[in-house]
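**Student:** Below is a structure I'd like to ask you about.
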Amino acid sequence: MANPSSDDLLNATPPTGRLAQFGYAYKLTKRLDPKVTIAMLGWGLGAAAVVFALLYLLVGGSIFGLVIAIVLALMFGVLAATTTLSRRVQRAQYKQIDGQPGAAYSVLDSDRRFKRNWALTPMVQFNRQQDMVHRLIGTGGIVLLAEGDPARVKPLIANERKAVARYLGPDVAVDEIVVGPDEAAGQLPLPKLASTLTRRGLRKKNLTSMQASEYSKRLEAIASKTGPMANLPKGPLPKGARIPRGGMR
């Protein structure tokens, strides 16, 4: 019997049982990351071996000590394997959507840690080529997050900087981040995006909570509620999708 394709797995309804969910995540990840099995075995067996050796030395060579060492070693080994799978699942998801329009927004919109410290307004600027700029406001400051061709997003960032200065004042600091694989050119890779912004939101206090809330509400009140953004779907845009003409730059 033929194995189900990755499309079949993606379109199938995810199982509800914990073991079934584990198996589903493993099969789906293996389609995109063939080394996931080796990684899980390596981390799982390595953690089990280290824990067993330490406990055996501490507890001693009695039967009771041996049983305790084996049980705890197995528990830590399983924990290490499942943690490895979880990280590989996330990495496979990033790999699957990386480069698609709206990928950065999709990553941030699904990250609960990020949402605790930031208000995210998607696609405040965009063009016909589906390059786009999202606006973030939080205690970490105001950040314009661009995704797309680095050269084409520059005028989009400049337009949004002017808009923020016009409505909030020229003295309000605005930072920018361009999502992309070229770290040497100052871009931020998609897998590092959520963690970088989460750390910034926790550690960097450029705005007070009241300032962040006020700025966010002021810009949201100015933005059109019935404009071309209203009907755009969340997450990466499907291939071939067109951005409404009214919002093009």
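The rows are residues; the columns are (1) surrounded by 15 or more Cβ atoms within 10 Å (Cβ to Cβ); (2) without any contact (Cβ under 8 Å) to a residue 12 or more places away in the chain; (3) farther than 19 Å from residue 189 by Cβ.
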| position | (1), (2), (3) |
| --- | --- |
| 137 | yes, no, yes |
| 143 | yes, no, no |
| 149 | no, no, no |
| 157 | yes, no, no |
| 170 | no, yes, yes |
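**Student:** Scanning region 76-133 for residues that are out of contact with any Gly (no Cβ under 8 Å at 6 or more places or on another chain) and of a type in the set (Asp, Glu), which turns out farthest from residue 222 (Cα to Cα)?
**Tutor:** Selected residue: 98.
**Student:** Here's something else I'd like to know. Inspect region 198-217 for any residue being in a helix (DSSP H, G or I), surrounded by fewer than 17 Cβ atoms within 10 Å (Cβ to Cβ) and of a type in the set (Val, Ile, Thr) and give the result as yes or no.
**Tutor:** Checked region 198-217: no residue is in a helix (DSSP H, G or I), surrounded by fewer than 17 Cβ atoms within 10 Å (Cβ to Cβ) and of a type in the set (Val, Ile, Thr).
**Student:** Additional query: If I filter region 2-42 down to residues being more than 21 Å from the chain's Cα centre (by Cα) and among the acidic types (Asp, Glu), which single residue comes out as modelled with the highest pLDDT?
**Tutor:** This residue is 8.
**Student:** Please enumerate the residues belonging to region 106-128 that are aromatic (Phe, Trp, Tyr) and at pLDDT 85 or above.
**Tutor:** If the condition is that a residue be aromatic (Phe, Trp, Tyr) and at pLDDT 85 or above, then 118, 126 are the ones that fit.
**Student:** Taking residue 106 as the residue in question, decide whether it is closer than 15 Å to residue 192 by Cα and loosely packed, with under 15 Cβ neighbours inside 10 Å.
**Tutor:** No; evaluated as a whole, the condition is false for this residue.
**Student:** Name the residues in region 71-95 that are touching a residue at least 60 places away in the same chain (Cβ under 8 Å) and surrounded by 15 or more Cβ atoms within 10 Å (Cβ to Cβ), would you?
**Tutor:** Listed by number, the residues that qualify are 82, 85, 89, 91, 92, 94.
**Student:** If I ask for residues that are within 35 Å of the chain's Cα centre (by Cα) and surrounded by fewer than 16 Cβ atoms within 10 Å (Cβ to Cβ), which ones from region 43-70 would you list?
**Tutor:** Within region 43-70, 45, 46, 49, 50 qualify.
The values are calculated or read from the model by the stated rules, or taken from the named source; none is laboratory data. What you see is a predicted model; the values in this text were computed from it and never measured. Note that we place each Cβ from the backbone using ideal geometry, even for glycine, and neighbour counts take in every protein chain shown.
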